[in-house]
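Reading through the structure tokens given below for one structure.
The values are calculated or read from the model by the stated rules, or taken from the named source; none is laboratory data. Model, not experiment: these values are computed from the prediction. Glycine also receives a Cβ, built like all others from the backbone with ideal geometry; neighbour counts cover every protein chain displayed. All accessible areas refer to the heavy atoms of the entire protein, side chains included, with ligands and DNA or RNA removed. Shrake-Rupley method; radii C 1.70, N 1.55, O 1.52, S 1.80 Å.
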Amino acid sequence: MMQALRQTLEMGVKEARVADAFESILGQPQVRDLLRTSVRSERITHAYLFTGPAGSNKTATAYALARALLCPKGAKGPGGGLCGYCDNCSRIVRRTHPDVHFIEPAGMNGWLIEQIREIASDVALAPIQANIKVYILDRVDLMGVAPANAFLKTLEEPPDNVVFILMGRTRNSVLPTIVSRCQVIPFRHIPPTEAAGIVSQNTGAQPQLARQAIEACGGSISAAVAFLRASGNERVGFRAKVLKILADIDTADDWHIIRHARDLVQLSKAPLDAVRVQLEQEISANADFLEKSAMRQIEARNKRQMSAKTREYLNQTIDIAISWLRDVLVVCAGTPELVINTDVMSDIQAVAVAADVASVSRALASVSQLSGMLSYNVSPETCIDVLLLEIKDGLNGTGSAS
Ligand SMILES: [Zn+2]
């Protein structure tokens, strides 16, 4: 590990700093300083465990660390030394680097033992583009005893050029056999006002708009920054469409709902087409120098990325609906000053007039449940259909949860 890292560092310490990856670690100054110091002083361990609640910026930090390790301009130069625009950096920022793997639990109840076996055999392969390979494993708190046992040997003695970054909600929710093999890095909960301030600072958006973006992104600061920076206001437009559909959902009939669901899926697919084109270009650009097996690996990963993007939109729809229902609830409860989605205040008030605390709570409960049950095998249309129907039934007092 150390030798590979040193080589990476020595390749370009002369280069001036342009963009420091660690500066993208928002809201977590202690984590940022600790990681920066470890990289600069070459005290990198082979396995990290990032613990913290959703929205504490663990994923963005994992990618920042990956950049610090892979950028050939090195992390040791004056001020950080990372370039931000070399091929390694830009691929990591776009999340398409062949040596940086992001893996989520694929089973309904968490990690599958097959996934762990796949990782174990993959770490033995040489890196495709860089000197180091990084494996980011999300939600290791959902790794049961059997997959964890299958993982222990790899986690304990990975090849020299492999770094694992595991992420979990709390230290206690991760199996002790995993925890004891990692350097644990705790992330703090970032309070809402501070989070909105960070997003404003990084995007120039008004604090209220920043809060709306954070809610639309399920509490994630870095996702909210990306949301507000998305080209052509694509995310902001998607949110507006979801809110417009919600505005008269209590009076919509089932056919309206089916049409709305189709519209939303259509809208979420347009930007995906752009992603698909970009990934295909990436493949053809690499075709000359990559082995067939590596190409297949990239193609498989691109496919996974596409389905991850689709899920991202589904999750966003659910997060927006939850945020909107919470607003209806606070209006019903007589505290309209707590509304977050103030840009659709009159719609929220109109729905609140026809509803009551019990019916909105019911709708909120069934939507929150849905977000945990979102399955990989259900079509996006079906998911959104179910989501909208649950909200309508909940508001009208005909929901199954009543
Ligand atoms: Zn770079």
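Annotations
- When the residues of the stretch 309-334 are filtered to those that are open to solvent by 40 Å² or more (accessible area, probe 1.4 Å) and without any contact (Cβ under 8 Å) to a residue 24 or more places away in the chain, the one that is farthest from residue 261 (Cα to Cα) is 334.
- The residues in the stretch 93-143 that are open to solvent by 40 Å² or more (accessible area, probe 1.4 Å), more than 16 Å from the ligand (Cβ to nearest atom), within 18 Å of residue 58 (Cβ to Cβ) and modelled with pLDDT under 90 can be counted, and the count is 1.
- Residue 361 among the polar types (S, T, N, Q), on the phi < 0 side of the Ramachandran plot and modelled with pLDDT of 75 or more: yes
- Residue in the stretch 78-92 that is modelled with the highest pLDDT, counting only those that are closer than 17 Å to residue 131 by Cβ and surrounded by fewer than 19 Cβ atoms within 10 Å (Cβ to Cβ): 87
- Qualifying residue in the stretch 237-253 (condition: within 30 Å of residue 297 (Cβ to Cβ) and surrounded by 21 or more Cβ atoms within 10 Å (Cβ to Cβ)): no
- In the stretch 38-62, the residue that is most open to solvent (accessible area, probe 1.4 Å) out of those that are over 18 Å from residue 182 (Cα atoms) and not aliphatic (A, V, I, L, M) is 40.
- Considering only residues in the stretch 38-71 that are aromatic (Phe, Trp, Tyr) and not in a helix (DSSP H, G or I), the one that is farthest from the chain's Cα centre (by Cα) turns out to be 48.
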